[in-house]
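Scroll down for the structure; my scribbles are underneath it.
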Amino acid sequence: MKILIIYTGGTIGMKQNARTGMPETFDFAQIEEEAPELKKFGFVLDTISFQPIDSSEATPAFWVRLVTTVADNYDNYNGFVILHGTDTMAYSASALSFMLQNLAKPVIFTGSQLPIGMLRTDGKENLISAIETAASQTDDGRATVPEVCIYFQNKLLRGNRTTKSSAEHFNAFNSFNYPPLAEAGIYLKFNRQAIMPYPENDRLTVHTRLDTSTAILKIFPGMSQALLESVSKIQGIRSLIIETFGSGNAPTFPWFIDSIRKIADSGTVVLNITQCLRGEVDPDKYTTGRLLKKAGVVSGKDITAEAALTKLFYLQGKY
Ligand code: ASP
């Protein structure tokens, strides 16, 4: 069994400097020194280290580098584990899920809230279970989880369904609208019905063209006409995501609906997603939502903001 660990930075790859007490990045190629438990797997664990970044610095170019690294090594490994800062992990996992088509091998993102070199770290369990998931195979020798996921605190979640929901708890990620793909207790229990089926065509296709001409506008009580009009004048945007209230509602003031209609009529895709963490946009539930639908707004249903944004980047790159 061969697993490739791609280290990109974030808290997991740090250890406390004994003298200053400050967390510092360490050379991840020597990960087995920090986590000798990994030897017990008996797997070949190879590591590729990027110049470590805080994941707040992640860009589409960084995602392209990640998918290219996976693609270049695809035939030589059974699975991939990507160590990544937690802050933008849900964006990166969403982006990769669209960029890697016909994926037949696991690509598991993980990280930690405390550096792996710290006594109470959550990094070791996350890394060990992410590797175990990446190596898991069904009876016919195929990958159990042929998709892009996030493993964090005992849960394996679909990458493009996941959101970072806590800045301090070990249980930092949630997939509010889709069940976990696996839960780790004494056993790693896979929820096979929820996992993507093995692709009919298992030849990996990689998409590396992303077009970022997208804006996100969070609707709030008190939003001014001038603000919405200035958004409508942004040059070159091809899509506007509006984060609305509840099941997809927004004010019905004529200036609001008119401005949104003008944006949609100009050819910009206006996508409605909800500010709520759970549930979905249902444009027919209230007049407020229905008016948006009539103005040409598309329902994003129960998509996360991270998935909506990266899916538009991918679609705009493709079409
Ligand atoms: N700021 C860090 C990052 O996202 C936090 C983390 O790794 O958890 O890179």
Quiz item: Which residues' amide hydrogens lie under 5 Å from the amide hydrogen of Val81, considering only partners 5 or more residues apart or on another chain, with H built in the peptide plane?
Solution: Leu4, Ile5, Ile6, Ile108
Quiz item: With every protein chain present, what is the per residue accessible area of the chain (1.4 Å probe, Å²)?
Solution: 48 Å²
Self-check item: Built amide H within the under 5 Å cut-off of Thr208, gap 5+
Solution: none
Quiz item: Given a cut-off of 21 Å, what percent of all Cα-Cα pairs of the range 13-76 lie beyond it?
Solution: 43 percent
Quiz item: Which whole-Hz ³J(HN,Hα) couplings does the range 302-319 yield from phi under the Karplus relation 6.51 cos²θ - 1.76 cosθ + 1.60, θ = phi - 60°, glycine and proline marked x?
Solution: 9, 5, 7, 4, 5, 6, 4, 4, 6, 5, 5, 4, 5, 5, 5, x, 7, 10
Exercise. Could you go through the range 130-136 in sequence order and give the Karplus-derived ³J(HN,Hα) for each residue, using 6.51 cos²θ - 1.76 cosθ + 1.60 with θ = phi - 60°, rounded to whole Hz, and x for Gly and Pro?
Key: 5, 5, 4, 5, 4, 8, 5
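What translational diffusion coefficient, in µm²/s and rounded to a whole number, does the Stokes-Einstein relation yield for the range 81-204 at 10 °C and a viscosity of 1.306 mPa s, taking the hydrodynamic radius as the Kirkwood radius over Cα pairs? Present the calculation step by step, with values, prior to reporting the outcome.
Numbers: Rh = 14.4 Å.
Estimated diffusion coefficient is 110 µm²/s.
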Quiz item: Over the Cα atoms of the range 190-319, how large are the radius of gyration and the largest Cα-Cα distance (Dmax), in Å?
Solution: 16.5, 51
Exercise. Normalising by the residue count of the chain, find the relative contact order in percent from Cα pairs under 8 Å and 6+ residues apart.
Key: 16 percent
Quiz item: the chain: Rg/Rh from Cα coordinates, Kirkwood Rh?
Solution: 1.01
Self-check item: Under Karplus coefficients 6.51, -1.76 and 1.60, residue-wise ³J(HN,Hα) of the range 30-39 in Hz, glycine/proline x
Solution: 9, 4, 5, 6, 7, 10, x, 4, 4, 4
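Ignoring everything except DSSP H segments at least 4 long, calculate the 222 nm mean residue ellipticity for the chain; use -39,500 (n - 2.57) per segment, divide by total residues, nearest 500.
Result for the chain: -7500 deg cm²/dmol, rounded to the nearest 500.
What ranking do 95-102, 65-72 get when scored by the average of other Cβ atoms within 10 Å per residue, highest first? It would help to have the intermediate numbers written out before the result.
Numbers: 95-102: 22.1, 65-72: 17.4.
My ranking of the peptides, most packed first, is 95-102, 65-72.
What does the convex hull of the Cα atoms come to per residue for the range 40-92, in Å³? Walk me through the numbers before you get to the answer.
Details: hull volume 5.4 nm³, N = 53.
Once divided by residue count, the hull of the range 40-92 is 102 Å³.
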Self-check item: Cβ crowding within 10 Å averaged over residues, with 167-175, 104-112 ranked highest first
Solution: 104-112, 167-175
Practice problem: Please list, in chain and number order, the residues 5+ apart from Lys155 or on another chain whose amide H is under 5 Å from its amide H, with Hs placed from the backbone. | Solution: Ala184
Practice problem: Once you have the Cα-Cα distance between Gln137 and Ser56, take 0.36 nm times their residue separation minus that, and quote the gain in nm to one decimal. | Solution: 25.8 nm
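What pairs from Lys2/Lys189; Lys2/Lys311; Lys164/Lys285; Lys155/Lys294; Lys40/Lys318; Lys15/Lys155 go past 32 Å between their alpha carbons? Before the final figure, lay out each step's value.
Working: Lys2/Lys189 22 Å; Lys2/Lys311 30 Å; Lys164/Lys285 28 Å; Lys155/Lys294 40 Å; Lys40/Lys318 44 Å; Lys15/Lys155 24 Å.
Listed pairs above 32 Å: Lys155/Lys294; Lys40/Lys318.
So, by mean Cβ neighbours within 10 angstrom, what's the order for 155-165, 222-232, 15-25 with the highest one leading? Let's see the in-between values first.
On the way: 155-165: 23.7, 222-232: 12.9, 15-25: 11.4.
Those peptides, ordered most packed to least, come out 155-165, 222-232, 15-25.
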Quiz item: How long is the range 1-113 along each principal axis, judged by its Cα atoms, biggest number first, in Å?
Solution: 48, 34, 19
Quiz prompt | Relative pair counts by distance (%), Cα atoms of the range 72-115, 10 Å bins | solution = 25, 51, 22, 2
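The values are calculated or read from the model by the stated rules, or taken from the named source; none is laboratory data. Here the structure is a predicted model, which means the values were calculated and not measured. With ideal geometry, Cβ positions are generated from the backbone for all residues, glycine too; neighbour counts draw on all protein chains shown. The area values use the complete protein model at the heavy-atom level, side chains included, leaving out ligands, DNA and RNA. Shrake-Rupley method; radii C 1.70, N 1.55, O 1.52, S 1.80 Å.
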